[in-house]
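Here's the structure, in structure tokens; my notes come after.
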Amino acid sequence: MNDKLKAKLDMMPDSPGCYIYKDIDKNVLYVGKAKRLKTRVNQYFDRVYFNKTANLVKQIDDVEFVMTLSEKEALVLEINLIKQYMPPFNIIFMDDKHYPYISLSKEDYPKLSIRRDAKSKKYYHYGPFPDSKDAYAVLNLLNRIYPFRKCKNIPHISCLYYHMNQCLAPCINKLDKNIYNEYVKDVDRFFKGYSNEILKDLTNKMFEASENLNFEKANEYKLLIEGIKKITSKQIIEFNDKVSRDVVGFYIKEGFLSISILMYRNGYLNAKINEVIDLIGEIDELIVTYLMQFYQTHDIPKEIYISENINITILNETLNVNIVNPKISKGQELLLMAIENAKKSLEARFIELASKDEDIFVQLGSYVGKSRIFTIEMCDMSHISGDSAVGVVVVYQNGYPMKNKYRKYNIQGENTKDDLASTHEVIYRRFYNLLKDNLSFSDMLIVDGGINQMNAANSALNELGISNMLVCGLAKDDHHRTRAFITPNFQEIPLEKDSKLFLFLMRMQDEVHRFAITFFKNKKSKSMMSSILDKVPGLGEIRKKRLLTVYHTIDEISKAPIEQLSQILPKNVAENLLKVLHEKQ
């Protein structure tokens with residue numbers, strides 16, 4: 001930290017406001033807001049960060065600040081400054097991030113269209129649709145059912161849609177402007193879930209056309225009916241009160257924050273929005289900023305369900321909406337569903353970014369003196385305080401899991417109480433069987449641990465007379481997050497969190513953990529986990545069940561941030577849980 005920056009940090013006021021970080025060339029790197037500027041800004045420099053936050057701190061050369069009268073004012077200013085500077089370390093909502101809506105113009109002769117801005121009062125807006133293909137499918141369906149005009153500007157001659165009976169042609173016909181009112185009401189009812197009347201009308205028309213031997217027309221109605229049923233089958237009624245509400249859940253892993261928003265409109269699940277972003281700064285601040293930007297371009301519902309650990313007050317004041325931490329069973333189940341969606345979205349992003357990319361295997365090969373790596377296996381152990389210990393091996397070939405080559409082992413004797421002895425046993429038994437059955441080895445063995453685990457694996461291989469196996473490891477930071485790939489000669493290769501190699505290794509880690517835990521659970525871990533969780537004050541059977549819906553291992557729970565656990569449990573119970581687990585460890 002340079003003297004200029006240090007001096008500015010010393011004079012930083014302890015009041016609400018925004019801070020602006022700049023690099024040595026005066027480029028704006030990041031904009032944030034704080035309830036207490038001095039406290040928040042100094043946090044960036046008095047602790048160790050990883051991932052993208054560490055990269056941000058390295059580049060900070062200067063800081064500016066703007067004092068405000070309240071935290072609410074600071075939040076609004078933050079959003080405006082982000083729009084102004086477009087800082088590289090902030091969440092930026094570009095135009096292509098706006099989800100599409102189906103909009104019906106409030107004109108004498110209405111027109112249906114796809115719009116990505118739901119703020120205009122010149123339209124009725126329905127949506128959003130996470131997938132634009134779905135939006136256009138619904139638009140085309142409605143245009144075939146209702147004869148709204150299709151032209152952007154009304155011409156002086158009729159077009160093909162008039163002759164297809166899909167437009168009333170206000171261009172050539174004198175129409176009563178109220179004639180469209182019923183169509184507008186029907187569209188509104190359609191999006192509110194009342195499609196039975198439309199289906200009944202189309203069914204009657206289909207039978208009438210069939211009786212008149214107009215089978216082509218009857219088939220057209222049949223396709224319309226099937227289209228409506230396909231669309232409405234995705235809607236699940238969850239509320240009888242018909243209130244529009246959003247349910248916000250999030251999940252954190254390896255420096256990424258996944259946010260899921262379930263959008264209920266008039267009681268129906270209308271859309272599911274998922275977003276994965278880099279975790280920079282405090283979790284609650286990042287989520288509040290994300291939601292503020294999100295609702296700049298999306299309609300604000302009557303209620304938003306979210307964890308009580310997020311700054312509910314400032315969201316309530318700024319968005320002028322009722323923010324609820326749900327206490328009733330149904331609300332908690334929906335919040336749990338949003339969290340699970342966020343988790344699955346993050347896992348899907350890892351798979352998507354770490355696709356079967358040739359560069360990954362060439363890069364791995366370069367670390368170990370080979371042109372390319374074809375087959376990789378990874379081992380992992382799972383136990384609770386040495387009881388029911390198991391070990392597993394998973395195998396990937398050219399990026400694909402080879403599940404027929406997966407193997408699992410019950411750890412025996414005193415080795416159950418020693419991770420290194422367990423690693424030694426699993427590797428010995430694994431390669432002993434390969435030698436005995438005269439089977440080929442993988443190109444690389446990765447132990448999900450550091451140098452000690454690598455030495456244990458090498459010791460087992462040496463006992464079997466195997467000297468040509470490339471044993472690698474994965475170094476962890478103080479928060480048990482993977483930070484580096486360890487080569488066979490114990491050189492650490494830092495892993496960038498957005499690199500394809502990192503994401504591929506995370507994918508393998510997730511798979512080996514999943515396989516180990518599945519085996520572990522089938523043994524006796526379920527009762528063991530329950531016995532530990534039973535010691536947590538305030539954690540009853542219902543809360544325990546919800547917790548185990550998202551988290552499948554004690555290790556996974558113990559690594560979760562308090563903000564994340566507080567979505568499922570009251571904050572004091574989440575704190576009790578982490579205290580018990582950390583004492584147990």
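Nothing in this text is a laboratory measurement; each read-out follows from the coordinates by a stated rule. No experiment lies behind these values; they were computed from the predicted model shown. Backbone-built Cβ (ideal geometry, glycine too); neighbour counts: all protein chains shown.
Give 246, 284 a once-over and let me know the one that is more than 22 Å from residue 128 (Cα to Cα) and within 18 Å of the chain's Cα centre (by Cα).
On the way: 246 fails: more than 22 Å from residue 128 (Cα to Cα).
The conditions single out 284.
Across region 465-509, which residue is farthest from residue 370 (Cα to Cα) among those that are among the acidic types (Asp, Glu) and either surrounded by 14 or more Cβ atoms within 10 Å (Cβ to Cβ) or more than 19 Å from the chain's Cα centre (by Cα) (or both)?
Applying the filter and picking the extreme gives 478.
Go through region 394-429 and give me each residue that's touching a Phe, Trp or Tyr at 6+ places or on another chain (Cβ under 8 Å) and closer than 15 Å to residue 516 by Cα. Break it down stepwise before answering.
Residues of region 394-429 that are touching a Phe, Trp or Tyr at 6+ places or on another chain (Cβ under 8 Å), as a first pass: 394-395, 397-399, 402, 406, 408, 425-426, 429.
Answer for region 394-429, where residues must be touching a Phe, Trp or Tyr at 6+ places or on another chain (Cβ under 8 Å) and closer than 15 Å to residue 516 by Cα: 394, 395, 406, 408, 426.
Could you grab me the full set of residues in region 135-157 that are in contact with a strand residue (DSSP E or B) (Cβ under 9 Å, 6 or more places away or on another chain) and of a type in the set (A, V, I, L, M)?
Hits for region 135-157 are 135, 138, 139, 142.
Which ones in region 1-23 are in a loop (DSSP other than H, G, I, E, B) and either touching a strand residue (DSSP E or B) at 6+ places or on another chain (Cβ under 8 Å) or among the basic types (Lys, Arg) (or both)?
12, 13, 15, 16, 23, listed by residue number.
How many of the residues in region 319-342 are part of a helix (DSSP H, G or I), surrounded by fewer than 20 Cβ atoms within 10 Å (Cβ to Cβ) and not aliphatic (A, V, I, L, M)?
Total meeting the criteria: 6.
Among the residues of region 428-464, what is the count of those that are crowded, with 17+ Cβ neighbours inside 10 Å and within 35 Å of the chain's Cα centre (by Cα)?
10
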